[in-house]
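A short write-up of the structure that comes next.
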Amino acid sequence: MSLRHFLTTQDYSRADIDALLEQATAFKRSPRGQQLAGKSVALLFFNPSMRTRTSFELGAFHLGGHAIVLSPGKDAWPIEFRPNVVMDGEAEEHIAEVARVLSRYVDLIAVRAFPKFQDWSVDREDAVIKAFAQHATVPVINMETITHPCQELAHALALKERFGDLTGRKYVLTWTYHPKPLNTAVANSALLIATKMGMDVTLLCPTPDYVLDERYMAFGAQNAKENGGSLKVSHNIEEAYRGADVVYAKSWGALPFFGHWENEKPIRDAHKHFIVDEAKMALTNNGVFSHCLPLRRNIKATDAVMDSPACIAIDEAENRLHVQKAVMASLIAQR
Ligand code: CP
């Protein structure tokens, strides 16, 4: 049997996802356990984190396991990922050794590796986590690369806690302004999970340049078809917000501008009005608002929205702890 990883929710059926969410709900009710007793997880961060690091470390501890945090290039050796290269650059060791050595020490390897933001055709290959999955002999967990599947589960759980069955709920994924071009990972993931839950999903963004990668648009359309929902793109704020049950916000860089962001800046700067505010939320069906966090207040969403009862971003952040316990426990249980 091939080794099962947690790299993308697209590798998991709707029934698999529902089972993970059920297990997460059980962990939320009863946070301590021994599912990881005597087990360990290596958490490799190539990029900063607050929620992911804290929730994975604590989650392992709550289940009797041990987490080791490593930052390659900072407190661990820089790693080479390209095959068959003469390693005369910065990297001191190759993923072929790193992944196999870690697999001799730990039972799970979790990786955060953002895109380089220079060439989307390169970044979309997700080479770092794929190399870990190729060389490791233990399960690998995605802690955010070009998708963020743990965030997806936390988001879905927060929505199910508010609405119960999500089928047919009107869901808006809205681009928002941010001074810097950010990763598309959470936006890709929002499309994947919202369509997998059978919601009627609108991707609201300033121009066609901000539509997400065709791979995720296609997965979204396929998920919608299989789960009774729909997926459409809109550039009309009022039309998208009207009647929405869920507003999920994220900023991301437009894919055609990877590597020459100076040309994207005028477009980005012209769409600061995509901020989530009370007037837009008033168009919704008494909808909820969420965001993966971190969030710049009064840039992506106003204080009034963040501090309103409609905001479930803190619930979603808490749920990271519960869903990641479910992911780690289920991967360990299958070994
Ligand atoms: N949402 C999320 O992954 O938060 P961190 O970047 O703080 O881990």
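The values are calculated or read from the model by the stated rules, or taken from the named source; none is laboratory data. Everything numeric here is computed off the predicted structure, so don't read it as measured data. Every residue, glycine as well, gets a Cβ built from its backbone with ideal geometry; the counts of neighbours run over all protein chains shown. With ligands, DNA and RNA removed, areas are computed over all heavy atoms of the protein, side chains included. Shrake-Rupley method; radii C 1.70, N 1.55, O 1.52, S 1.80 Å.
Sorted from greatest to least, the principal axis extents spanned by the alpha carbons of the chain come out as 55, 48, 36 Å.
So what is the accessible area of the chain per residue, in Å², with the probe set to 1.4 Å? Let's see the in-between values first.
Working: 14260 Å² over 335 residues.
Spelled out: the 1.4 Å probe surface of the chain, per residue, equals 43 Å².
For the range 119-154, backbone nitrogen atoms closer than 19 Å to the point 7 Å from Lys74 Cα along Cα-to-C-beta are found at 128-129, 142-146. Legend: calculated FRET efficiency, Asn84 to Ala333, from the Cβ-Cβ distance at R0 = 35 Å, rounded to 0.05, equals 0.45. Residues of the range 176-190 with the amide nitrogen closer than 14 Å to a label point 7 Å from the Cα of His273, along Cα-to-Cβ, please. Only 177 pass the distance filter.
Here's how it looks for Ala67: its modeled amide H is under 5 Å from those of Val41, which are all 5 or more places away or on a different chain. Quick one: Debye curve from the C-alpha atoms of the range 151-316, no solvent, what's log10 I(q)/I(0) at q = 0.18 Å⁻¹? Scattering profile of the range 151-316, log10 relative to I(0): -1.10.
Each label was represented as a point 7 Å from its Cα along the Cα-to-Cβ direction; for His235 and Trp261 these points are 2.3 nm apart.
In this rough spin-label picture, where each label sits 7 Å from Cα along the Cβ direction, the Glu161-Met217 distance is 3.4 nm.
Within straight-line reach of Lys325, meaning a Cα separation under 20 Å, sit the following lysines at least 8 residues removed in sequence or on another chain: Lys28, Lys39, Lys160. Each residue of the range 273-288 was assigned a 3J(HN,Hα) from its phi angle through the Karplus expression (A = 6.51, B = -1.76, C = 1.60, θ = phi - 60°), giving 6, 6, 3, 7, 10, 4, 5, 5, 4, 5, 7, 7, 8, 6, x, 9 Hz with x at Gly and Pro. How much length is gained on full extension from Met50 to Leu3, taking 0.36 nm per residue of separation minus their Cα-Cα distance? Gain on extension, Met50 to Leu3, equals 14.0 nm.
Annotation for Phe61 and Ser40: the two label points, set 7 Å from Cα along the Cα-Cβ direction, are 1.7 nm apart. Here Lys280 is the anchor, and the aspartates and glutamates within straight C-alpha reach of less than 18 Å, apart from those fewer than 8 places off in the same chain, are Glu238, Glu239, Asp245, Asp303, Asp307.
What is the extension gain from Ala282 to Lys116, computed as 0.36 nm multiplied by their sequence separation minus the C-alpha to C-alpha distance, in nm to one decimal? Intermediate values should be presented prior to the final figure.
Details: separation 166, 0.36 × 166 = 59.76 nm, distance 3.78 nm.
Here the answer is 56.0 nm.
Estimated from helices alone, the mean residue ellipticity of the chain at 222 nm is -11500 deg cm²/dmol (sum of -39500 (n - 2.57) over DSSP H runs with n ≥ 4, per residue).
Placing a label point 7 Å from the Cα of Asp307 along the Cα-to-Cβ direction, none of the residues of the range 179-197 has a backbone N under 12 Å of that point. Taking every full run of DSSP H in the chain, the ones that stretch at least 20 Å from end to end by Cα along their long axis and average -1.0 or higher on the Kyte-Doolittle scale are 14-29, 149-163, 313-333. The accessible surface of the chain, taken with every protein chain in place and a 1.4 Å probe, is 53 percent carbon and sulfur.
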